[in-house]
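Presented below is the structure to which this report refers.
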Amino acid sequence: MKYLGIETEKVRIGVFDFTGCEGCELQLANKEGTLVSFLDLLEVVNFREISSERGDNYDVALVEGAISRDNEIERLKQIREKAKVLVAIGSCACFGGVNYLKNRFSMENVVNEVYGEHKVETRRVQSIGEVVKVDLEIPGCPVSKEEVERIVVDLVTGADIKFPKYPVCIECRQKLNTCVFDLGKICLGPITRAGCGAVCPSSKVGCLGCRGPAEDANYDSFRQIALDHGFTAPRIEEKLKFFNALGAALQK
Amino acid sequence: MIYKVITKSEFKKFINGLIKENQTFGPRQVDEDINGKPIYQFREVHSFDEMDLDYTVTYSSVKNFFLPFREILSRYTFQGDDWEQSLEYRVNPRVIVGLRPCDINGLAILDKIFIKGAFPSPYYLARRNNTFLIGMDHEPLEDCFCESLNHHVVRHGFNLFCSDLGDRYYLSIDSSKAFNFLKNVETTEPTKKDNEKFIARKNFIERSFKTRVEVTGLPSFLDIEFKSPIWKKWGDKCLNCGTCAMVCPTCYCYGIEESIDVSLKTSRKERFQYSCNIVDFAEVAGGHNFRPLREDRLKYRFYHHYRGFAENAEEPICVGCNRCGRACLAGINPRDVINDLRLESKDELPAT
Amino acid sequence: MNYRLLKQDINLKPFMTMPPQFNRKTIVMRTDKVYKCEIINIVELTGLEKLFHLKILDPVEREIFSFRPGQFIMLEVPGFGEVPISVSSSSNNREFIELCIRKSGRTTNMLHRAKKGAKVGIRGPFGTSFPMEEMAGNNVLLIAGGLGLAPLRAPLYWVIERRDEYRDVAVLYGTKEPEQMLFTYQYEEWEKVNHVKLLTIVEKADKDWKGRTGLITELFEEINIDPDNTYVIVCGPPVMFKFVCNHLDSLGIPMNRMFVSLERRMHCGMGKCCRCMVGSTFTCVDGPVFDYWSVLNLQEAI
Amino acid sequence: MKVDMNINVHHLTRVEGHGDIHIKVKKGELVESRWAVVETPRFFEAMLRGISHDMAPVLTSRICGICSISHTLTSLRAVEKAMRIEVPETARLLRLLAKHGETLQSHILHLLFLAAPDFFGTGSVIPLIKSRPEVVVLALRLKGLGNDICDLIAGRTTHPVSLVVGGVSKAPSREQLETLKETIGERIQDIRAVVGLFQTLSMPDFVRETEFVSLKGSNRYPWIGGELVSTDGVVKAEDDYLAMTNEYKEDFTTSKFAKLSRESFAVGALARFNNNYNFLHEKAKEAARIFGLTPVNHNPFMNNIAQIVECYHVMLESIDIIDRVLEDGCPESICAGYEVKAGEAIGAVEAPRGILYHHYDIDENGIITKADCVIPTTQNNANIHHDLAELVKQQIMLGKSDEDVTRLSEMLVRAYDPCISCSVH
Ligand SMILES: Cc1cc2nc3c(=O)[nH]c(=O)nc-3n(C[C@H](O)[C@H](O)[C@H](O)COP(=O)(O)OP(=O)(O)OC[C@H]3O[C@@H](n4cnc5c(N)ncnc54)[C@H](O)[C@@H]3O)c2cc1C
Ligand code: SF4
Ligand code: SF4
Ligand code: SF4
């Protein structure tokens, strides 16, 4: 497209994965209806999961997964050096994700439990941002393909990238859902950043906050509401901590 | 206004006739809450029996039929360095059955803004013109306070309105369309007895309100209480989640979003329903926020509803349905906030 | 038996084929139809601001479009966004429109990358204007901070083009740093040819700056203000006009002869989206030009 | 004859997760051949400790981005067995439907996005958009259908949301199901086209006799729960899974290995096919016959064909399931209430890549105290490893070049459709 006198260029991307389920990478290949147009915006120079081409001349590195081994740190730093823009995709990359649940225990304990005598190297889980500088975070477990598409279009056209600042509730109510609290379940929608289309409450299960906090989220009021609805404190904590995404809420 | 009386069985025939010919929406149970109470929404129906006309109240209002939560205002098609804009106002005719008086009055308020005010909206107009509305009276719930705002009765804004006389409906006909459609079924002229029953029904409903909110003089009163600590108290509870505005029949604030499709060939300009409670409602480029605090934003919603709009259109924008109060997880509702303010101002009066 | 509702298709109405006339607020029109414009010239003013010359392409639409000083338009960059921008040119100029735009977000950043010849859209004009006729026969004092000079150019042109109808005309202009000064290339003409007294000041001087340093209120010491027959227009960041207006108030200038232009977030320009509401007032239809009394009267305004 | 060979494939592409191939041949003798998983272990079993039982399915779904529905269903089965929860029949049917969506999506992803480029000689599916658009259209339509099924029933394809303890939290409407059924019907011709497409490709001819392990159907092709069987005649109860998997550790790989009657065994589409051929839909059997695929087949490359046969089967079975749900009148609430109790149970489910087990101990507060998960690819890893050695030996005999051996080794690993990050969970 040439528009406003500006020629758009394909984005050269590399997709890399660390500790995670690769679900976010898979999301990139979903939404089949627009997949061909989507791929047309990109020059994929490195994407191990779907392609044998391996190049180093990428501008944008999409990094999936958290960091949980020494050699991952090395690999990540190399990617950081080559990439002009490093994008953390998915809740694991942005916040550590469910992997952070491992950090509740000591590493010896964890290795013993799963591998017994056998020694396997592992370390406390860190998000990508805890290890290298991250230029852009696309949260979600998994990321929403709609959002990724929008962001890629912004990258291609050179426009500023914006995320909703409001919480999931607004999208949820716009879907005319019955509030999950009314159904007797707990939902983190009121404090979680929207953008997923309220997938979870739309299926009548509570939001787990995978997209991180909404701006100026009211944690105190939220906790009180959850307690008033009869949920126990440990139950509320379990939900809040699930993706390690709601940073400020966890400080308490 | 022309009045008629119809038996409930004829009425059912009438509605089924409409359903057969037109896309029709009506109150349907969609869920049951944790306490076993049914939850209703206006949904598409394919026969009279799918509706529950004895429903209490719908969870969300009918607003989104006229102001969709998301709506494309225009499209652009790119070609080289140039583009073309296209606009259209496509709405297919449809019927909505079972609106409560407050729902209809809510639409009448939206009419003031979107049709009668400056820059009438063709989008809204198209939707309004193509919707056939059948209203229905009901006994108020515990927390309805539309009577305080005089919105428990309807005068205009509908095609047909039904008052329940037990085995029959007393029909108020406010459009030629309704009048003509009714020729398909058997109706009778109201007798003197019918009229008496109709008035008794109205009085009964009026007497049944259990919640009252004192709104007289509210605009000036809110002005005086602009700096009241009450706002912080409620503001601290507010989640700024926009729920109240989404369910409200009259909240109409919005935002605009433009996006280019992945094909890079077209783009959409969309209007999406917003809420003044949302953190960036009044934020401008560079990050300055004209309403940085939760209490500022909560207060603004009350101001717009009971003061701002009141000054512009000589009536509060709220119709008293308490949908916002019911939907709010933090338990914020107009009655309690307004009462709190009133008490607060009493306390401030110099002791005599 | 017939129950079918007939479609009332708005798309068939006559206004669908006519260009919208934004000066006639009460008629139904295609409120989202833009006038397509070509960017015929781009003047780089500072690192952050550029002046765009926009020509409405359709001759009929160009004919319809007319504005008064103080009014703004909604500038559409298809695909990226629509933003309110004050018209910064002479209302006599029917050939093209000048917009002075700061790079500050998604839409404006995109616009700053646009090349000459690019096509954008406008809707408008919207909002209230300065009472230029009422000011005739009086002194006119224009006070601007930073980007505030952009909306003041329209009233300044008005006065200059009818110079003998007005008495003393002065412009007080302050910015943070010298390099942020806008339209420096026009100062000499304003002063020498148009007999406008121009005083500038910066908060922080650099090594080349030879003028005054300090806050804009310090400029008041250098001019005589006759409170009985002076009209003032103030444009700039909220903190600035608060101080300036307070000062003018203390000089005895009646509040209804002081005008400010408010800035709020806007998405429609038509009094619908409510983003620009201040209390019960829409900045887009009841403003952006307000006299100082109205501003004071709005609890949230400053 | 080729005498020396040194092949090292670092991070094999077009598979899920990280694995390396090492082959060393000296003087015509195979010195070393390894399938080494180098994926980072995530320690899900440890993470599960202290988690509420109803969060276990949500957590374990994150073991794998491709077969998250299978993990969720396995986890649900373990929790529901442990607490003796009776899941309503409609919910069971819908869960199976979601499972079929996943199987279709996963198999098509493997066949047409990951494996196909090997047959067309491209590095990925992307060049095929231009060179073989008809293949890509098929791939997109069928994968799209799989995703649509998952979205409708499970709320989302990757990491389902509506599959919850007790049943399904939100049921699709009658209209939605009817539309879906129609779409599946329309897509049958696409799967036929896939059969046609693969007829034009030749599967490498390689046989190494092995043991195949899967669930055993009692009256239909098995997916969720049941007896465990092997082609060597082993039969065990679901709860006896440890005797079936016998996991052990090797130093060169982060994934565990597994064995049964022989040094290794295989799970997956071919294993299911070999053990349950009789329960396949007639049309699916017909498709198998076109390729000469009959039980028991020992060519691992035929796993690709078994996947096509299964796609056919699940599409047809999905239509039957929808019919049954529609007959039952699509009730809105299809979730059983339950009381939290202590318990221990094992769930076994046939994930796209083979049999998957979750084993939980749950305390009286409904908290998981101990967990064990055995993943299909973990069970396959040893078999891949041994296949590799055999394949290389045969190739040396044929005097193949380094490139040929590398290519064929990669194809072999891919034929198993390994899900490596899953295997090192
Ligand atoms: C009456 C009026 C006149 C203005 N005149 C000028 C001018 O002459 N020159 C100039 O450079 N700027 C002017 N502005 C400010 C200009 O509108 C904003 O800088 C611009 O909207 C930023 O948009 P963006 O998309 O680049 O930023 P983003 O931060 O990406 O904004 C997103 C959207 O928010 C809204 N928005 C954000 N900031 C503002 C704001 N300050 N005012 C109104 N809406 C906003 C717009 O609808 C915009 O599309 C004026 C504003 C108003 C209200
Ligand atoms: S279900 Fe969750 S997201 Fe939806 S309204 Fe309720 S709290 Fe908000
Ligand atoms: S609803 Fe919550 S948990 Fe679910 S996808 Fe959205 S942000 Fe994530
Ligand atoms: S009661 Fe609440 S929801 Fe109802 S009209 Fe008033 S503000 Fe809106």
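Filter region D:305-329 down to the residues that are touching a Ser or Thr at 6+ places or on another chain (Cβ under 7 Å) and surrounded by fewer than 19 Cβ atoms within 10 Å (Cβ to Cβ) and list them by number.
Result: D:D328, single match.
So is D:T157 touching a residue at least 24 places away in the same chain (Cβ under 8 Å), within 11 Å of chain A (Cβ to nearest Cβ) and crowded, with 24+ Cβ neighbours inside 10 Å or not?
yes
List, please: which pairs have Cβ atoms under 8 Å, are six or more places apart or on different chains, and start with a residue in region B:235-247 that is in the same structural domain as B:C328 (by TED's automatic domain parsing) and end with one that is away from ligand 4 (no atom under 14 Å from the Cβ) and among the aromatic types (F, W, Y)?
From residues that are in the same structural domain as B:C328 (by TED's automatic domain parsing), the pairs are B:L239/A:F222; B:N240/A:Y166; B:C241/A:Y166; B:G242/A:Y166; B:G242/B:Y274; B:A245/B:Y274; B:M246/B:F69.
Considering only residues of region B:266-281 that are within 12 Å of chain A (Cβ to nearest Cβ) and touching a strand residue (DSSP E or B) at 6+ places or on another chain (Cβ under 6 Å), which is surrounded by the most Cβ atoms within 10 Å (Cβ to Cβ)?
B:Y274
Mind checking whether some residue in region C:286-294 is within 14 Å of chain B (Cβ to nearest Cβ), away from ligand 4 (no atom under 16 Å from the Cβ), without any contact (Cβ under 8 Å) to a residue 24 or more places away in the chain and of a type in the set (S, T, N, Q)?
Yes: one or more hits.
Limited to region D:23-78, what total is found for residues that are of a type in the set (V, I, T), surrounded by 23 or more Cβ atoms within 10 Å (Cβ to Cβ) and within 25 Å of the chain's Cα centre (by Cα)?
9
Working only within region C:255-281, note down all residues that are part of a strand (DSSP E or B) and within 11 Å of ligand 1 (Cβ to nearest atom).
The answer is C:S261, and nothing else.
Hey, among A:G5, A:G90, which residue is at positive phi, more than 9 Å from chain D (Cβ to nearest Cβ), touching an Asp or Glu at 6+ places or on another chain (Cβ under 8 Å) and buried (at least 17 other Cβ atoms within 10 Å of the Cβ)?
A:G90 is the lone residue from the list that is at positive phi, more than 9 Å from chain D (Cβ to nearest Cβ), touching an Asp or Glu at 6+ places or on another chain (Cβ under 8 Å) and buried (at least 17 other Cβ atoms within 10 Å of the Cβ).
On the basis of being more than 16 Å from ligand 4 (Cβ to nearest atom), part of a loop (DSSP other than H, G, I, E, B), of a type in the set (D, E, K, R) and without any contact (Cβ under 8 Å) to a residue 12 or more places away in the chain, does A:D154 make the cut?
For A:D154, the condition - more than 16 Å from ligand 4 (Cβ to nearest atom), part of a loop (DSSP other than H, G, I, E, B), of a type in the set (D, E, K, R) and without any contact (Cβ under 8 Å) to a residue 12 or more places away in the chain - is not met.
Just the residues that are surrounded by fewer than 23 Cβ atoms within 10 Å (Cβ to Cβ) and either within 14 Å of ligand 1 (Cβ to nearest atom) or among the polar types (S, T, N, Q) (or both), please, taken from region A:160-186.
If the condition is that a residue be surrounded by fewer than 23 Cβ atoms within 10 Å (Cβ to Cβ) and either within 14 Å of ligand 1 (Cβ to nearest atom) or among the polar types (S, T, N, Q) (or both), then A:D160, A:I161, A:K162, A:F163, A:P164, A:K165, A:Q174, A:T178 are the ones that fit.
Being outside any helix (DSSP H, G or I) and acidic (D, E) narrows it down to one of D:E350, D:E403, so name that one.
On inspection, the qualifying residue turns out to be D:E350.
Across region C:220-239, what is the number of residues that are more than 19 Å from C:M135 (Cβ to Cβ) and at pLDDT 85 or above?
2
I'm trying to understand the selection: among the residues of region B:38-59, which are charged (D, E, K, R) and more than 21 Å from A:K175 (Cβ to Cβ)?
B:D49, B:D52, B:D54
Among the residues of region B:260-297, count how many are in contact with a helix residue (DSSP H, G or I) (Cβ under 6 Å, 6 or more places away or on another chain) and either small (G, A, S) or outside the structural domain of B:K233 (by TED's automatic domain parsing) (or both).
2
Quick check on D:F252: is it among the aromatic types (F, W, Y) and in a helix (DSSP H, G or I)?
Considered against the rule, which asks whether it is among the aromatic types (F, W, Y) and in a helix (DSSP H, G or I), D:F252 comes out as no.
For region C:259-277, indicate whether the set of residues that are among the small types (G, A, S), farther than 23 Å from B:A285 by Cα, touching a Ser or Thr at 6+ places or on another chain (Cβ under 8 Å) and buried (at least 17 other Cβ atoms within 10 Å of the Cβ) is non-empty.
Checked region C:259-277: no residue is among the small types (G, A, S), farther than 23 Å from B:A285 by Cα, touching a Ser or Thr at 6+ places or on another chain (Cβ under 8 Å) and buried (at least 17 other Cβ atoms within 10 Å of the Cβ).
Part of a strand (DSSP E or B), facing chain C (nearest Cβ under 9 Å) and out of contact with any Cys (no Cβ under 7 Å at 6 or more places or on another chain): is that true of B:V95 in this structure?
Spelling it out, B:V95 is indeed part of a strand (DSSP E or B), facing chain C (nearest Cβ under 9 Å) and out of contact with any Cys (no Cβ under 7 Å at 6 or more places or on another chain).
Within region D:211-244, can you find the residues that are surrounded by fewer than 22 Cβ atoms within 10 Å (Cβ to Cβ), without any contact (Cβ under 8 Å) to a residue 40 or more places away in the chain and not in a strand (DSSP E or B)?
D:S218, D:D232, D:G233, D:V234, D:A237, D:D240, D:L242, D:A243
Condition first: of a type outside the set (G, A, S), within 14 Å of chain C (Cβ to nearest Cβ) and crowded, with 20+ Cβ neighbours inside 10 Å. Now tell me which residues in region B:142-184 satisfy that.
The answer is B:N159, B:L160, B:F181.
Out of (1) without any contact (Cβ under 8 Å) to a residue 12 or more places away in the chain; (2) at the interface with another protein chain (Cβ under 8 Å from one of its Cβ atoms), the odd one out for C:I27 is which?
(1)
May I ask you to list the residues in region C:204-235 that are assigned to a loop (DSSP other than H, G, I, E, B), surrounded by 14 or more Cβ atoms within 10 Å (Cβ to Cβ) and in contact with a Ser or Thr (Cβ under 9 Å, 6 or more places away or on another chain)?
Selection gives C:A205 alone.
Among what's in region A:123-134 and is over 14 Å from the mean Cα position of the chain (by Cα) and surrounded by fewer than 22 Cβ atoms within 10 Å (Cβ to Cβ), pick the residue that is nearest to C:R106 (Cα to Cα).
Ranking the candidates gives A:K133 first.
What are the residues in region B:239-271 that are within 16 Å of ligand 3 (Cβ to nearest atom) and under 28 Å from B:E84 (Cβ atoms), if any?
Listed by number, the list is empty, since nothing qualifies.
Is it true that some residue in region D:233-241 is within 14 Å of another protein chain (Cβ to nearest Cβ) and either of a type in the set (S, T, N, Q) or on the phi > 0 side of the Ramachandran plot (or both)?
no
It is to be established whether one or more residues within region B:272-290 are more than 16 Å from ligand 3 (Cβ to nearest atom), within 23 Å of B:D111 (Cβ to Cβ) and touching a residue at least 40 places away in the same chain (Cβ under 8 Å).
Checked region B:272-290: at least one residue is more than 16 Å from ligand 3 (Cβ to nearest atom), within 23 Å of B:D111 (Cβ to Cβ) and touching a residue at least 40 places away in the same chain (Cβ under 8 Å).
Within region B:152-162, can one find any residue that is within 26 Å of B:F14 (Cβ to Cβ) and of a type in the set (G, A, S)?
yes
All but one of (1) surrounded by fewer than 21 Cβ atoms within 10 Å (Cβ to Cβ); (2) within 17 Å of C:C273 (Cα to Cα) hold for B:I109; state the number of the condition that does not hold.
(1)
So which residues in region A:158-191 are outside any helix (DSSP H, G or I), more than 8 Å from ligand 2 (Cβ to nearest atom) and under 20 Å from the mean Cα position of the chain (by Cα)?
Passing the criteria: A:D160, A:I161, A:K162, A:F163, A:P164, A:K165, A:Y166.
The values are calculated or read from the model by the stated rules, or taken from the named source; none is laboratory data. As the structure is a prediction and not an experimental result, all values here were calculated from the model. Note that each Cβ is placed from the backbone with ideal geometry, even for glycine, and that neighbours are counted across all protein chains shown.
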